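Visitor: Okay, here's the structure, questions in a sec.
The values are calculated or read from the model by the stated rules, or taken from the named source; none is laboratory data. A quick note: this is a predicted structure, and the numbers were derived from the prediction, not measured. Note: ideal-geometry Cβ built from the backbone for every residue, glycine included; neighbour counts use all protein chains shown. The area values use the complete protein model at the heavy-atom level, side chains included, leaving out ligands, DNA and RNA. Shrake-Rupley method; radii C 1.70, N 1.55, O 1.52, S 1.80 Å.
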Amino acid sequence: MIQYDKKHEVFKLDTPNTSYIIGIADGKYPGHIYYGKRLSDTDLAYLMRTGEHPAVPSVLPREKVSFYDCFPMEYPCGGTGYFRGECVNIRTAEGQEGLELTYATHRIYEGKKKLDGLPATWGQDCDTLELVLEDEVSGLQAVLSYTAFRDVDAITRSVRILNGGEQEIYLTKVFSACLHVDREDFEVLTLPGSWARERRIQRRNAGYGVTAVESVRGISGHQEHPFMALVSGGCTQTRGEVYAMNLVYSGNFIARSMADQFDRIQMTIGIHPERFCWKLEPQGVFQAPEAVLVYSDEGLGKMTRIFHRLYRTHLIRGFWKDRERPVLINNWEATYFDFNTEKLLSIAKEAAEAGIEMLVMDDGWFGHRDSDNSSLGDWFVNEEKLPGGLKYLADEVNRLGMKFGIWVEPEMISEDSRLYEAHPDWALQVKSRRPGQCREQLVLDLGRPEVADFIYGRLKEILSSANIEYVKWDMNRPLAEVENAVLPADRQGEMMHRYMLAVYQMQERLLKDFPKLLLENCCSGGGRFDPGMLYYSPQIWCSDDTDALERLAIQEGTQLLYPLSAIGAHVSDCPNHITGRRVSFETRGIVALSGTFGYELDITKLAPEEKKQIREQIALYKKYHHLMRNGTYYRIASWQENHLYDCYMVVSEDQTEALLTYVQVLAEANRRSRRIRLQGLLEHGLYELEGKTYRGDTLMYAGILIERMKGDMQAKLIPVKLLERVEE
Ligand code: DGJ
């Protein structure tokens, strides 16, 4: 619900349990008043502190800059006296900077508009406020859009900029959201990482000054994540306040917190202004990506559940949104580039016997690609490896009762390729500078329509040539030199964002032409695991690191924001190819179960006992996938924090069923049992757990004892079932 209190010039946006309040000071200046637990009143303009010195400019015109320096601007502008990090700035053709966006009008309507060319949350069960701001001097207009969902406690924000003036303007910075909170010992929580070590939860004191995370790699990246949360000191899974922001975008970003001289923190998120400059002709429009805002008064767990719900019901789309995903086997770690039809069919045959439902052929099936140094761009089947081509292979796999899927990396070009020979200029590069290689490959300039059309045309032809029901869309290097051969000099700053728009457009075309295709995004593992990509693919390969112990941490960080159904998780070979660690087949299976389940190994080389375990693991997946897909997730313990054990559970929406996962990461001497308190059950329910009955309140507040197990990385799944509801 969205209310406008005309008398006090206050807008109040309500979700079921939160309120977000904006005021217009002096009839001109949009200020942030409040975000938090739902309030009933709108008379809160006093919180903008305009009664205090230096007051609003109409009262004290000589202190306008001081006003900007302490007023909680809802969308601060650069170059006119805002020193805490503006959200937007421009440069004119004469080189002048500066903006003063003030309130012009507003619109409130039901539902939510699509964002032009960009991924975004969707739905009708929501209301939108558009605050229209204008800069008198330049004629620039900014439309701040806020959507308050009625069925989930999330607010989304985005910004559309229109050049209403008569001169061309260069947009040098345009963030998507800004939030102010009075500082109370907040910590900043972010998700840094690295290739194969993605999304580790990090907390640090907000302190004074700036704390930022960013990417200028052209992808959201392994190293940082387009997410930031301010959490109250000592915040846990169940207690404390959280203000979180997540950007629905997969390219360059910055998330920033700034604690100022008056003990207030401003948090912002948006496209990174480095390597960004967008030219707006008169009447030109720029749409900035959407940011998701979540507030929790019950710790990180509640924040997580809000994100999961929002992304499951208002971001992920399409045929596979609510469908059980097939259990797949991918040949990457089984064969790397060394495979042929015969080898793949031998894997498929045994996989089918074990109950696996789809074979995914990874990198190496096209051009003359026998290693990672060639053929990207030559999307033609290597008939030496695959005689009879994709059709023969797909038909044979189908005959075994399995689906068939392929790997592609459409954004790339190898120097050693026919495509590069024909079109060396299609690779992103800067004139007279030799482009830097990464994994011996270059990036295609997808911002050029002829390049995008050619690559998409190849993709479409391949997918139409056989019964291909799944695509793993990979992306294995960052963007470095990004000049565009056809754009004029003053539009080169648009390249990074144009690239992202082109990728989104290509994935949109793919889904339109192949609506039943299961698309799994991947970026050297989890380098582009973000809400932007989730809008196109309901699942994303979470990390190239499939070691079960490392995966616990990677999946914990990923699950902090993203639903389990979105997280590609596979059982792989042992010793693990990346870490060399040995973990039992059973534990590897249990860890992979809390994602979109699959295998990444040479099944033909497994011992009969392990093949039998595959059948059992698949039976488990079939039994519990509905919980993993739709259940409510609770993090009970983290081995990243306690260094000993991990524990989490998923509970069905109606609280009649749950599954607890416990992993003893390190065995300890002289440790007996450990007490675990469950979450999310009915207090007055009688539940069955390991053959015994317990009341829900007992399980949640008193807990159960988990016997110690012998050895490191021992895991246990504990199903919980409601027997009956009992009278209070
Ligand atoms: C990186 C991916 O993350 C891997 O799973 C695999 O597909 C390779 N690329 C193939 O080159």
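Visitor: Search the range 670-682 for residues that are closer than 20 Å to Gln714 by Cβ and pair each with any residue that is not in a strand (DSSP E or B) when their beta-carbon atoms are under 6 Å apart and the residues are at least 6 apart or on different chains.
Guide: Going by the 6 Å Cβ cut-off, the qualifying pairs are Arg671/Arg708; Ser673/Glu707; Arg675/Gly703; Ile676/Gly703; Leu678/Leu699; Leu678/Met700.
Matching residues to (1) closer than 26 Å to Ala566 by Cβ; (2) assigned to a strand (DSSP E or B); (3) touching a Cys at 6+ places or on another chain (Cβ under 8 Å):
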residue	(1), (2), (3)
Thr604	no, no, no
Lys611	no, no, no
Tyr621	yes, no, no
Met628	yes, no, no
Ile636	yes, yes, yes
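Visitor: On to the next question. What number of residues within the range 341-382 are at positive phi and either open to solvent by 10 Å² or more (accessible area, probe 1.4 Å) or more than 16 Å from the ligand (Cβ to nearest atom) (or both)?
Guide: Just the residues of the range 341-382 that are at positive phi, to begin with: 355, 364, 367, 375, 377.
With either open to solvent by 10 Å² or more (accessible area, probe 1.4 Å) or more than 16 Å from the ligand (Cβ to nearest atom) (or both) added as a condition, the list becomes 355, 367.
Final tally of qualifying residues: 2.
Visitor: Please find, among Pro531, Pro515, the residue that is at pLDDT 95 or above and either within 14 Å of the ligand (Cβ to nearest atom) or buried (at least 24 other Cβ atoms within 10 Å of the Cβ) (or both). Please lay out each step first, then the result.
Guide: Working: Pro515 fails: either within 14 Å of the ligand (Cβ to nearest atom) or buried (at least 24 other Cβ atoms within 10 Å of the Cβ) (or both).
Answer to the selection: Pro531.
Visitor: Go through (1) over 21 Å from Val132 (Cβ atoms); (2) open to solvent by less than 50 Å² (accessible area, probe 1.4 Å); (3) not in a loop (DSSP other than H, G, I, E, B) one by one and return the number of the condition Val65 breaks.
Guide: Status for Val65: all satisfied but (2).
Visitor: A follow-up question, please. Take the range 638-664 and flag every residue that is more than 24 Å from Ser565 (Cα to Cα) and among the hydrophobic types (A, V, I, L, M, F, W, C).
Guide: Leu644
Visitor: Inspect the range 99-120 for any residue being assigned to a strand (DSSP E or B), over 23 Å from the mean Cα position of the chain (by Cα) and more than 22 Å from Met73 (Cβ to Cβ) and give the result as yes or no.
Guide: Pass one, the range 99-120, residues assigned to a strand (DSSP E or B): 102-110.
Still in the running and over 23 Å from the mean Cα position of the chain (by Cα): 102-110.
In the following step, the residues that additionally are more than 22 Å from Met73 (Cβ to Cβ) were identified as 109-110.
Yes.
Visitor: Give me the residue from the range 567-595 that is within 16 Å of the ligand (Cβ to nearest atom), open to solvent by less than 10 Å² (accessible area, probe 1.4 Å) and under 20 Å from the mean Cα position of the chain (by Cα) and, out of that set, nearest to Ala244 (Cα to Cα).
Guide: The extreme case among them is Ile567.
Visitor: Report, by residue number, each residue of the range 436-453 that is surrounded by 18 or more Cβ atoms within 10 Å (Cβ to Cβ) and outside any loop (DSSP other than H, G, I, E, B). First the steps, then the outcome.
Guide: Applying the first criterion (surrounded by 18 or more Cβ atoms within 10 Å (Cβ to Cβ)) to the range 436-453 yields 441-448, 451-452.
Those that are surrounded by 18 or more Cβ atoms within 10 Å (Cβ to Cβ) and outside any loop (DSSP other than H, G, I, E, B): Gln441, Leu442, Val443, Leu444, Val451, Ala452.
Visitor: Among the residues that make up the range 269-287, is at least one of them over 20 Å from Tyr249 (Cβ atoms) and within 23 Å of the chain's Cα centre (by Cα)?
Guide: no
Visitor: Regarding the range 419-433, can at least one residue be identified that is assigned to a helix (DSSP H, G or I) and within 30 Å of the chain's Cα centre (by Cα)? Let's see the steps before the verdict.
Guide: First, pick out the residues of the range 419-433 that are assigned to a helix (DSSP H, G or I): 419-422, 424-426.
Keeping just the survivors that are within 30 Å of the chain's Cα centre (by Cα) gives 426.
The answer is yes; a qualifying residue exists.
Visitor: Could you identify the single residue in Val159, Val188, Val152, Val137 that is open to solvent by less than 10 Å² (accessible area, probe 1.4 Å), in a loop (DSSP other than H, G, I, E, B) and at negative phi?
Guide: On the way: Val159 fails: in a loop (DSSP other than H, G, I, E, B); Val188 fails: in a loop (DSSP other than H, G, I, E, B); Val137 fails: open to solvent by less than 10 Å² (accessible area, probe 1.4 Å).
Only one candidate passes the filter, namely Val152.
Visitor: Okay, next question. Quick one: how many residues across the range 619-644 are out of contact with any strand residue (DSSP E or B) (no Cβ under 8 Å at 6 or more places or on another chain) and open to solvent by less than 40 Å² (accessible area, probe 1.4 Å)?
Guide: Count: 1.
Visitor: Let me ask another. For the structure I just gave you, tell me whether Gly388 is open to solvent by 10 Å² or more (accessible area, probe 1.4 Å), more than 16 Å from the ligand (Cβ to nearest atom) and farther than 30 Å from Ser565 by Cβ. Explain how you work it out, then say what you get.
Guide: Details: open to solvent by 10 Å² or more (accessible area, probe 1.4 Å): yes; more than 16 Å from the ligand (Cβ to nearest atom): yes; farther than 30 Å from Ser565 by Cβ: yes.
When the stated conditions are applied, Gly388 passes them.
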